[in-house]
Amino acid sequence: ERVTLMTQAKNIRIGGASGYWGDSQEAPRQLVMKGDLDYLVFDYLAEVTMSILVRAKEKSPDQGYARDFVDLAMKPLLHEIKSRGIKVVANAGGVNVAACAAALAKVANDAGIDLKIGTVDGDNLADEIEALRSEGITEMFSGAEMPEGMISANAYLGAFPIAAALDNGADVVITGRCVDSAVTLGPLIHEFGWTVDYYDKLAAGSLAGHILECGAQATGGNFTDWQDVVGGWDDMGYPIAVCREDGTFAITKPGGTGGLVSRLTVGEQILYEIGDPSAYIMPDVICDFSNVTLNETKKDWLEVANVKGRAPTSTYKVSGTYKDGFRATASTVITGFDAVDKGRAFADALIKRTRRLFMERNLGDYRDTAVHIIGSQTLWGQNAEEAAAASREIVTQIDVRHDERAAIDLFSKETTGVGLSMTTGRCSAGSAGRPKVTPVVAQFAFQIDKAQIDPKIYINNKPVKYKNKVPARFSAMPKPEHAPQDASLEGSSDTMVEVPLIKLAVARSGDKGNNANVGVIARKADYLPWIKQSATEEAVRTYFAHVVEGEVIRFDLPGMDAVNFLLMNCLGGGGTSTLHLDNLAKTYAQQLLALPVRVPAKLAEGLN
């Protein structure tokens with residue numbers, strides 16, 4: 001009984017110090033010095049990052065991990081972390097966990113600090129690729145066969161191996177590819193003794209991790225109402241989850257720092273990069289966020305509750321990468337009269353010229369080309385304002401892909417080679433010189449039975465016995481279902497007016513492979529029915545007709561007075577493959593916030 005009461009009373013404070021490889025090195029310092037933390041967690045591994053790490057390891061066998069974790073985050077703070085008793089969990093191992101652990105061990109030894117380094121391995125399936133190909137593995141979304149030229153395959157592991165490393169005394173746990181939220185859930189499993197069948201609690205810990213995994217995005221860093229936080233941008237606060245054994249938790253940030261913790265800042269992050277909020281698939285649990293409640297109980301303190309979970313699926317998602325040709329990007333500033341027309345004519349002529357040169361050299365055609373006239377609302381497609389076409393200063397960005405490096409090399413040379421033969425009023429955009437030719441490393445995602453993966457745990461290079469824990473049952477892979485269309489609202493046409501969605505809501509968008517989502521949170525519960533009436537699936541699909549090739553599915557989150565739109569097949573292949581200007585759907589929310597919404601005139605009068 002006493003143990004239970006003690007556990008109930010215990011709050012575990014976890015700070016989210018990295019949202020991607022390259023996040024500010026000030027984040028871990030701020031959280032360590034001002035956060036009163038039990039755990040410091042880092043997420044480095046976006047899908048694009050994995051492709052970069054694969055290329056790094058190809059060049060050097062001791063690379064392939066997030067070096068910033070060792071050199072910029074841990075090295076300067078090791079004494080503070082150790083003396084404050086803070087434990088660290090990071091997926092910085094990338095595709096070379098052992099090398100990352102060895103580099104950190106050297107830094108600790110040089111500093112005279114005794115550090116127990118736990119590692120989690122077993123996600124890396126690079127040696128299994130040919131065996132998986134022979135099994136007839138297909139891409140999980142498109143059903144395509146596994147391509148030639150596969151160079152990596154990493155399963156998204158869950159949180160239980162991390163918890164096991166902590167159970168065995170690790171001060172720092174370094175993993176390869178685990179799901180982003182596992183670096184937060186692992187410590188909670190360890191601290192509270194949650195088991196594989198505690199679905200609601202596992203889902204709650206996953207949501208805490210999902211909020212922390214993008215750093216200051218949860219504290220107003222990418223907030224719709226940016227004017228509310230701009231004064232603190234120079235010293236943004238990073239998020240802290242204060243977690244309890246019952247699965248409830250609060251989000252806060254270190255005192256005296258910039259940013260904001262509120263229903264809307266955290267709500268935006270909850271909706272970021274999710275599909276069906278009632279079936280958010282994690283390795284350890286299927287989460288249901290649809291009835292989550294967010295309550296601001298004091299300044300910069302948000303209570304999160306009512307997360308539900310159910311048994312996980314029987315498979316892990318695996319992110320594979322393969323070599324898929326070459327690409328380059330050329331940018332030129334063009335100004336003066338008819339700049340938009342001039343920029344497009346320049347791009348068209350350059351592509352036509354290089355195509356002719358390819359034919360003469362038997363190089364074949366481009367795989368893909370894209371021209372972006374930046375400064376003319378090129379991202380907005382048919383929703384661009386007419387005035388944008390008259391811009392007198394634009395950047396012509398030309399993106400090209402080809403199967404052969406020689407062709408992209410030729411394009412790169414001709415881009416600067418036509419400086420005196422095409423267009424006036426131009427100057428360089430960005431770094432001088434020829435465009436860089438880069439190999440394309442594309443993603444191939446598939447599923448693998450969990451029984452085929454055997455996570456391995458080490459403490460200071462010594463293996464630890466670990467039996468993969470299996471829940472009592474598995475759930476079938478959920479299929480997304482369209483939210484029902486609400487009954488139409490009363491309101492005669494002569495008393496209705498149109499307002500942009502931003503007056504009624506905030507929004508956040510992001511990518512998932514070749515799909516994107518736009519999560520929309522009503523500023524007040526009363527606004528939500530009007531938002532739903534105008535922002536229908538069909539209206540959103542029409543609005544994004546310039547990018548969406550599939551369907552649009554709306555999901556409801558009544559607990560947060562929110563809706564989530566999933567846009568299918570809208571990113572031109574996604575991630576590293578696409579030539580879209582916004583390759584990660586980060587701007588979609590800002591575009592949708594301009595959508596006209598019909599509301600009663602009386603309601604409109606009360607808007608800011």
*Please give the solvent-accessible surface of M359 in Å², to the nearest 10, using a probe radius of 1.4 Å with every protein chain present.*
140
_Estimated dipole of the chain in Debye, rounded to 20 [Cβ of Lys and Arg +1, of Asp and Glu -1, Cα centre]_ = 1100
*asked:* Skipping prolines and chain starts, which residues have an amide H placed within reach, meaning under 5 Å, of the one on A505, given they are 5 or more residues away or on another chain?
replied: R523
*For the stretch 329-381 and the stretch 32-103, compute the distance between their C-alpha centroids and round to whole Å.*
40
_Vicinal HN-Hα couplings computed from phi for the stretch 231-241 (Karplus, 6.51 cos²θ - 1.76 cosθ + 1.60; Hz; Gly/Pro x)_ = x, x, 4, 6, 9, 4, x, 9, x, 10, 9
*Please work out the ratio of the alpha-carbon Rg of the stretch 298-388 to 2.2 N^0.38 Å and round it to two decimals.*
1.93
*Mind checking the full-extension length gain between K299 and T416? Use 0.36 nm per residue of separation minus the Cα-Cα distance, one decimal, nm.*
36.7 nm
_Computed over the stretch 146-230: relative contact order in percent, which uses C-alpha pairs under 8 Å that are six or more apart_ = 24
*Bin width 5 Å, alpha-carbon pairs only: give the P(r) of the stretch 321-457 as whole percents, running from 0 to the bin holding the largest distance.*
2, 10, 17, 18, 15, 12, 9, 5, 4, 4, 3, 2, 1
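Which number comes out as Rg/Rh for the stretch 503-560 once both Rg and the Kirkwood Rh are worked out on C-alpha atoms? Numbers along the way, then the final one.
Working: Rg = 12.0 Å, Rh = 12.4 Å.
Computed over Cα atoms, the ratio is 0.96.
Could you grab the relative contact order for the stretch 462-582? Cα pairs under 8 Å, six or more apart, rounded to a whole percent.
Numbers: 151 pairs, mean separation 31.3, N = 121.
For the stretch 462-582, the relative contact order is 26 percent.
Considering only DSSP states other than H, G, I, E and B, which GluC sites (Glu not before Pro) in the stretch 515-608 qualify as loop sites with at most 15 other Cβ atoms within 10 Å? Working shown, then result.
Working: sites: E537, E538, E549, E551, E605; in loops: E549, E551.
The qualifying sites are E549, E551.
Pairwise over distinct Cα atoms, reciprocal of the mean inverse distance: report the Kirkwood radius of the stretch 453-528 in Å, one decimal place.
Working: mean 1/r = 0.0528 Å⁻¹.
Final number for the Kirkwood radius of the stretch 453-528 is 18.9 Å.
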*How much mean residue ellipticity at 222 nm does the chain get from its helices, if each DSSP H run of length 4 or more adds -39500 (n - 2.57) and you divide by all residues, to the nearest 500 deg cm²/dmol?*
-7500 deg cm²/dmol
_Sequence of W226, W194, W380, W530 from largest to smallest accessible area, 1.4 Å probe_ = W226, W380, W530, W194
_Can you sort H210, H482, H546 by solvent-accessible area, 1.4 Å probe, largest first?_
H482, H546, H210
*At most 13 other Cβ atoms within 10 Å and a DSSP loop assignment: could you name the GluC sites (Glu not before Pro) in the stretch 136-206 that fit?*
E148
*Compute the relative contact order of the chain as a whole-number percentage, counting only Cα pairs closer than 8 Å that sit 6 or more residues apart in sequence.*
14
*Mind computing the radius of gyration and Dmax over the alpha-carbon atoms of the stretch 27-154? Å is fine for both.*
17.6, 53
*Which translational diffusion coefficient, to the nearest whole µm²/s, is obtained for the stretch 439-484 from the Stokes-Einstein equation, given a Kirkwood hydrodynamic radius over C-alpha pairs, 25 °C and 0.890 mPa s?*
160
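Pairs K308/K465; K116/K253; K87/K462; K57/K512: which exceed 21 Å Cα-Cα?
Details: K308/K465 31 Å; K116/K253 28 Å; K87/K462 19 Å; K57/K512 25 Å.
Among K308/K465; K116/K253; K87/K462; K57/K512, the Cα-Cα distance tops 21 Å for K308/K465; K116/K253; K57/K512.
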*Under a 5 Å amide H to amide H cut-off, with H placed in plane at 1.01 Å, what residues pair with K116 once short-range neighbours are removed?*
D171, V172
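Taking the Cα centre of the stretch 36-76 as origin and charging only Cβ (+1 Lys, Arg; -1 Asp, Glu), how large is the dipole, in debye to the nearest 20? Don't skip to the end; give the middle numbers.
Working: 5 positive and 8 negative charges, 68 e Å.
Computed about the Cα centre, the dipole is about 320 debye.
Just in the stretch 555-608: which trypsin sites (Lys or Arg not before Pro) are loop by DSSP and have at most 16 other Cβ atoms within 10 Å? Walk me through the intermediate numbers first.
Values: sites: K586, R598, K602; in loops: K586.
Answer in residue order: K586.
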*asked:* Translational diffusion coefficient of the stretch 216-325 at 4 °C, 1.567 mPa s, Stokes-Einstein with Kirkwood Rh over Cα pairs, in µm²/s as a whole number.
replied: 83
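Going by accessible area, probe 1.4 Å, with all protein chains left in place, what is the ranking of H372, H79, largest first?
Values: H372 20, H79 120 Å².
Largest accessible area first, the residues go H79, H372.
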*Given the chain, what whole percent of its Cα pairs are spread farther than 32 Å?*
51
_In the chain, if the dipole is taken from +1 on Lys/Arg beta carbons and -1 on Asp/Glu beta carbons about the Cα centre, which of M568, G433, P478 is farthest to the positive end?_
G433
*Quick one: grab Rg to one decimal and Dmax as a whole number for the stretch 149-290, Cα atoms only, in Å.*
16.1, 51
_C-alpha center-to-center spacing [the stretch 226-240, the stretch 533-551] in angstrom_ = 32
*Given I174, N460, I374, which one lies farthest toward the positive end of the charge dipole of the chain, if we put +1 on the Cβ of every Lys and Arg and -1 on the Cβ of every Asp and Glu?*
N460
*When you count, for each residue, the other Cβ atoms within 10 Å and take the mean per peptide, how do 229-239, 297-307 rank with the highest first?*
229-239, 297-307
*For I137, list long-range residues whose amide hydrogen, built 1.01 Å from N in the peptide plane, is under 5 Å from its own amide hydrogen.*
none
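The values are calculated or read from the model by the stated rules, or taken from the named source; none is laboratory data. Being a predicted model, the structure only gives us computed values, none of them experimental. All Cβ positions, glycine included, derive from the backbone under ideal geometry; neighbour counts span all protein chains shown. All accessible areas refer to the heavy atoms of the entire protein, side chains included, with ligands and DNA or RNA removed. Shrake-Rupley method; radii C 1.70, N 1.55, O 1.52, S 1.80 Å.
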